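*Asks:* Let me give you the structure first, and then I'll get to my questions.
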Amino acid sequence: MFPTLAQERPSHNTYWVISALCLSYLIFQLIYIPHTVLAVDEFWFAHHIYKYTYQLPYRDFLPYKTVLGYYLLSVPFFVSHTLLQPLYYIKDEIAIINTLFLCAISMGLARYYHPRAVIFSLLLVLANHLFLTYSVELRVDMFASWLSLISILLILSNRFLLAGIILGIGILFSQKAVWFFVGSNIAFAGYGLILSRRWKTISPIIIFNGAVIVPIAAYLIFWSVQSSMSLVLKNVFYEAYTQSKITWYASIHHICWTMILSNGPLLILLWPLTWIPFFVRPIQDHADYARRFFIALYAATILLLIISYQQAFPYGMVFIIPVCFVLYPDFFSWLIIALKPTTIFRPFNRAALLGFLSLYTIGIMGVMIYMALPYSYYLIALIPLCLGIFLLVPRLSPSLKNAIKQPIVIMLVCTGILYPMVRFVIIADRMNGDYQQSMLIVSNKLLEEGGGFFAGTPLFYDRDQAIPGLKNLIDPAIKYLSHPSRNILPMMLLSLDLEPRTDQQVIHDLKISPVKFYLNNNRIDALPDSIHRYLASEFNHYWGSIYIYAPKVSAKNQTISIKFSGTYRVISKNNSKIYLDHKKTISLSVVTLTKGKHFSKASTEYRLQYVPKKQIELNPKYAGDDWYRAVKIIVM
């Protein structure tokens, strides 16, 4: 279908440079991972990976996604069972796998494209904040992305059967790999209808699509034997489709895209400029037009699907990596040839090229103004301007051509590599995980004495939260608490630990459940006022973002119920008269109470705050409640 690309043997220096860049990425991640804050979803996925290690999906519990990747990530749980180390080991494992793929794919591409083009494409990816941060998040999306990249490279090598099998396996890592299935088929269709117009192009399409089905069918049959076909089909297809259609996050859509583009827009904004080789083709350019056309259709489909996706979460940007590695080495190889002063071009329509470059420049300037991007990124507009002068003015001297070439290279390096790296250094300081780690260590010590907790996400991979309706406080669950609606029920999936509970039902659960503390964070902050009022009456600030069991006792004669046996500190006004079980006590005194009923008589309202049995070291640096640092939120 595609002519074989001419192979060249790159120099050893090329392999050394690629190896050094990939190794630098790995070393950075191994150092950075233990010091950065963990995302809220990473705790949730760690909890599920722990279930994969010791339970059986579709029978013991319902998985949210296809399961293959989670088995791969479960290996560290056989090595360590400490509080945080297994999570860091999983992220280290992801970093090692990423490095192997980066190195192997870049070295492979260097055999077909100009080595400098491949190295610059690799740098463009490695310098991007989104890749540095989210490529090692505790998710399976990066694996699906790599397999999708392998699939498209196999298609371009005319190995359609293997390409389909690899992409099918990619879908077993994450259903979002379906984007690449759609992109491949649209590229096949466009190639067949517009360029080839031969019946023989149907054969590769049938082979590819049939091969994709094989691993998926095997997956469905295997797991249906463990449970039922209807249940597996529902979890793999229906629930994934349902979640993809959630519109609850529309309010942060613009903020997410602002963050994505602010931290390295060249990966996306440069994409339309890669169409310029269709206007201008150097005579010595050996790249095949049909292959370039196929890549352009494939890349456009994937990027449009990602851009139009309603949940524009920054971690989803790892799915543009396959596009970068098939699109940019080809484009930069063309650019290296085109910028040579001695290059002779085939005849081309100068008016069409001028119109294209003008629309591209106006378009990216409009995006940057609308998104209020940093002014440094406006330098991107100089790239098409200089390129237009270079190509559209035929009588430029070689010295002037060299002078124009330099700003293009400088702008690509500054806006694609240097400035994004500077921004990452600034952002990395804000994502320091010391505060979060301190909260988890103290929380773990509190739980060693017994009792439950909640935080809107499972902070501990091997412990469940106490309140069903507060296990995974994503937007549908929060909205259902205040405004129960049938429209929300399809989103309340058990595989996501979502239960349709109202605020009053949650308050009832809190009253009867032995919850020792909760960890405040952005998800707890989003709870309805009715629940916040109850939490204020039942818990008091202990340290950091931890609120410990400390029920308010009103000023009257009454019988109160205590949930935990242990020591309590009386917190009241100095002149209060308080009798507990007919014994007088004063403010800040410590009393020992057993679980159950006790008699209280008081002149003013007071609290009984639980005091841990063992003394816990509390760092005064983190005494205040910086709840926004307790977990990494979607947009930081």
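The values are calculated or read from the model by the stated rules, or taken from the named source; none is laboratory data. Keep in mind it's a predicted model, so treat the numbers as computed, not measured. Here Cβ is always computed from backbone atoms with ideal geometry, including for glycine, and neighbour counts include all displayed protein chains. With ligands, DNA and RNA removed, areas are computed over all heavy atoms of the protein, side chains included. Shrake-Rupley method; radii C 1.70, N 1.55, O 1.52, S 1.80 Å.
*Asks:* Based on this model, can you work out whether residue 213 counts as assigned to a helix (DSSP H, G or I), open to solvent by 90 Å² or more (accessible area, probe 1.4 Å) and either touching a helix residue (DSSP H, G or I) at 6+ places or on another chain (Cβ under 8 Å) or on the phi < 0 side of the Ramachandran plot (or both)?
*Replies:* yes
*Asks:* Let me ask something additional. Condition test on residue 3, is it on the phi < 0 side of the Ramachandran plot, open to solvent by less than 70 Å² (accessible area, probe 1.4 Å), in a helix (DSSP H, G or I) and at pLDDT below 95?
*Replies:* In short, no.
*Asks:* Within segment 332-359, can you find the residues that are open to solvent by 40 Å² or more (accessible area, probe 1.4 Å) and in contact with a strand residue (DSSP E or B) (Cβ under 9 Å, 6 or more places away or on another chain)?
*Replies:* Passing the criteria: 340, 344, 345, 346.
*Asks:* Kindly list the number of the only condition in (1) buried (at least 20 other Cβ atoms within 10 Å of the Cβ); (2) assigned to a helix (DSSP H, G or I) that fails for residue 366.
*Replies:* Single failed check for residue 366: (1).
*Asks:* Any chance segment 247-263 includes a residue that's of a type outside the set (Gly, Ala, Ser), outside any helix (DSSP H, G or I) and in contact with a His (Cβ under 9 Å, 6 or more places away or on another chain)?
*Replies:* Within segment 247-263, one or more residues are of a type outside the set (Gly, Ala, Ser), outside any helix (DSSP H, G or I) and in contact with a His (Cβ under 9 Å, 6 or more places away or on another chain).
*Asks:* Given (1) touching a helix residue (DSSP H, G or I) at 6+ places or on another chain (Cβ under 9 Å); (2) among the small types (Gly, Ala, Ser); (3) surrounded by fewer than 16 Cβ atoms within 10 Å (Cβ to Cβ), where does residue 250 come up short, assuming only one miss?
*Replies:* With respect to (1) touching a helix residue (DSSP H, G or I) at 6+ places or on another chain (Cβ under 9 Å); (2) among the small types (Gly, Ala, Ser); (3) surrounded by fewer than 16 Cβ atoms within 10 Å (Cβ to Cβ), residue 250 is out only on (1).
*Asks:* Could you count how many residues in segment 332-374 are out of contact with any helix residue (DSSP H, G or I) (no Cβ under 9 Å at 6 or more places or on another chain) and at pLDDT below 90?
*Replies:* Residues flagged as out of contact with any helix residue (DSSP H, G or I) (no Cβ under 9 Å at 6 or more places or on another chain) and at pLDDT below 90 within segment 332-374 amount to 4.
*Asks:* Which ones in segment 256-279 are open to solvent by 40 Å² or more (accessible area, probe 1.4 Å) and closer than 19 Å to residue 366 by Cβ?
*Replies:* Of everything in segment 256-279, just one residue is open to solvent by 40 Å² or more (accessible area, probe 1.4 Å) and closer than 19 Å to residue 366 by Cβ, namely 275.
*Asks:* Specify which of the listed residues (375, 328) is within 32 Å of the chain's Cα centre (by Cα) and open to solvent by 40 Å² or more (accessible area, probe 1.4 Å).
*Replies:* Residue meeting the stated conditions: 375.
*Asks:* Quick one: count up the residues across segment 615-636 that are assigned to a loop (DSSP other than H, G, I, E, B) and either open to solvent by 80 Å² or more (accessible area, probe 1.4 Å) or free of Cβ contacts under 8 Å to residues at least 40 places away in the same chain (or both).
*Replies:* 2
*Asks:* Just give me the residues in segment 280-333 being charged (D, E, K, R) and outside any loop (DSSP other than H, G, I, E, B), in sequence order.
*Replies:* Once the filter is applied, which keeps residues that are charged (D, E, K, R) and outside any loop (DSSP other than H, G, I, E, B), segment 280-333 yields 291, 292, 330.
*Asks:* Of (1) β-branched (Val, Ile, Thr); (2) open to solvent by 50 Å² or more (accessible area, probe 1.4 Å); (3) in contact with a helix residue (DSSP H, G or I) (Cβ under 7 Å, 6 or more places away or on another chain), residue 221 satisfies all except one. Which?
*Replies:* Residue 221 satisfies every listed condition except (3).
*Asks:* Any chance you could count how many residues in segment 579-614 are touching a residue at least 60 places away in the same chain (Cβ under 8 Å) and open to solvent by less than 100 Å² (accessible area, probe 1.4 Å)?
*Replies:* 4
*Asks:* Might you check whether a residue that is at pLDDT 95 or above, open to solvent by 20 Å² or more (accessible area, probe 1.4 Å) and either of a type in the set (D, E, K, R) or over 19 Å from the mean Cα position of the chain (by Cα) (or both) occurs anywhere in segment 280-296?
*Replies:* Looking for residues that are at pLDDT 95 or above, open to solvent by 20 Å² or more (accessible area, probe 1.4 Å) and either of a type in the set (D, E, K, R) or over 19 Å from the mean Cα position of the chain (by Cα) (or both), one finds none in segment 280-296, hence no.
*Asks:* To continue, here is another question. Under 7 Å between Cβ atoms, which residue pairs at least 6 apart in sequence (or on different chains) link something in segment 531-553 that is more than 16 Å from residue 451 (Cα to Cα) and touching a residue at least 60 places away in the same chain (Cβ under 8 Å) with a partner that is among the hydroxyl-bearing types (Ser, Thr, Tyr) and not in a strand (DSSP E or B)?
*Replies:* 544/438; 544/622
*Asks:* Follow-up question, since we're still on this one. When the residues of segment 297-313 are filtered to those that are open to solvent by less than 30 Å² (accessible area, probe 1.4 Å) and hydroxyl-bearing (Ser, Thr, Tyr), which remaining residue is nearest to the chain's Cα centre (by Cα)?
*Replies:* Once the filter is applied, the top-ranked residue is 301.
*Asks:* With the requirement that a residue be open to solvent by 10 Å² or more (accessible area, probe 1.4 Å), in contact (Cβ under 8 Å) with a residue 60 or more places away in the chain and either among the polar types (S, T, N, Q) or in a helix (DSSP H, G or I) (or both), what does segment 46-57 give you?
*Replies:* 47, 50
*Asks:* If you don't mind, another one. For residue 429, all conditions in the list (1) part of a loop (DSSP other than H, G, I, E, B); (2) charged (D, E, K, R); (3) surrounded by fewer than 14 Cβ atoms within 10 Å (Cβ to Cβ) hold save one; what is the number of the exception?
*Replies:* Result: residue 429 fails condition (1) only.
*Asks:* I'd like to know if segment 393-400 contains one or more residues that are modelled with pLDDT of 90 or more and either of a type in the set (Gly, Ala, Ser) or touching a helix residue (DSSP H, G or I) at 6+ places or on another chain (Cβ under 6 Å) (or both). Give the steps one after another, and end with the answer.
*Replies:* Kept after step one, since they are modelled with pLDDT of 90 or more, are these residues of segment 393-400: none.
Among the residues of segment 393-400, not one is modelled with pLDDT of 90 or more and either of a type in the set (Gly, Ala, Ser) or touching a helix residue (DSSP H, G or I) at 6+ places or on another chain (Cβ under 6 Å) (or both), which makes the answer no.
*Asks:* Applying the selection to segment 58-76, what residues are without any contact (Cβ under 8 Å) to a residue 24 or more places away in the chain and either surrounded by 22 or more Cβ atoms within 10 Å (Cβ to Cβ) or of a type in the set (Gly, Ala, Ser) (or both)?
*Replies:* None - no residue of segment 58-76 is without any contact (Cβ under 8 Å) to a residue 24 or more places away in the chain and either surrounded by 22 or more Cβ atoms within 10 Å (Cβ to Cβ) or of a type in the set (Gly, Ala, Ser) (or both), so the list stays empty.
*Asks:* Look through 132, 162 and report the one residue that is farther than 17 Å from residue 301 by Cβ, surrounded by fewer than 23 Cβ atoms within 10 Å (Cβ to Cβ) and at pLDDT below 95.
*Replies:* Details: 162 fails: at pLDDT below 95.
Exactly one of 132, 162 is farther than 17 Å from residue 301 by Cβ, surrounded by fewer than 23 Cβ atoms within 10 Å (Cβ to Cβ) and at pLDDT below 95, namely 132.
*Asks:* Right, another one. Return yes when residue 179 is open to solvent by 20 Å² or more (accessible area, probe 1.4 Å) and aromatic (Phe, Trp, Tyr) and no when it is not.
*Replies:* The answer is yes for residue 179.
*Asks:* Can you find even one residue in segment 310-318 that is of a type outside the set (S, T, N, Q) and free of Cβ contacts under 8 Å to residues at least 40 places away in the same chain?
*Replies:* no
*Asks:* Right, next: Scan segment 91-98 and tell me whether some residue there is assigned to a helix (DSSP H, G or I), open to solvent by less than 20 Å² (accessible area, probe 1.4 Å) and acidic (Asp, Glu).
*Replies:* There is no residue in segment 91-98 that is assigned to a helix (DSSP H, G or I), open to solvent by less than 20 Å² (accessible area, probe 1.4 Å) and acidic (Asp, Glu).
*Asks:* Okay, next question. Only one residue in 110, 117 is on the phi < 0 side of the Ramachandran plot and surrounded by fewer than 24 Cβ atoms within 10 Å (Cβ to Cβ), so which one is that?
*Replies:* Details: 110 fails: surrounded by fewer than 24 Cβ atoms within 10 Å (Cβ to Cβ).
Just a single option satisfies the conditions, and that option is 117.
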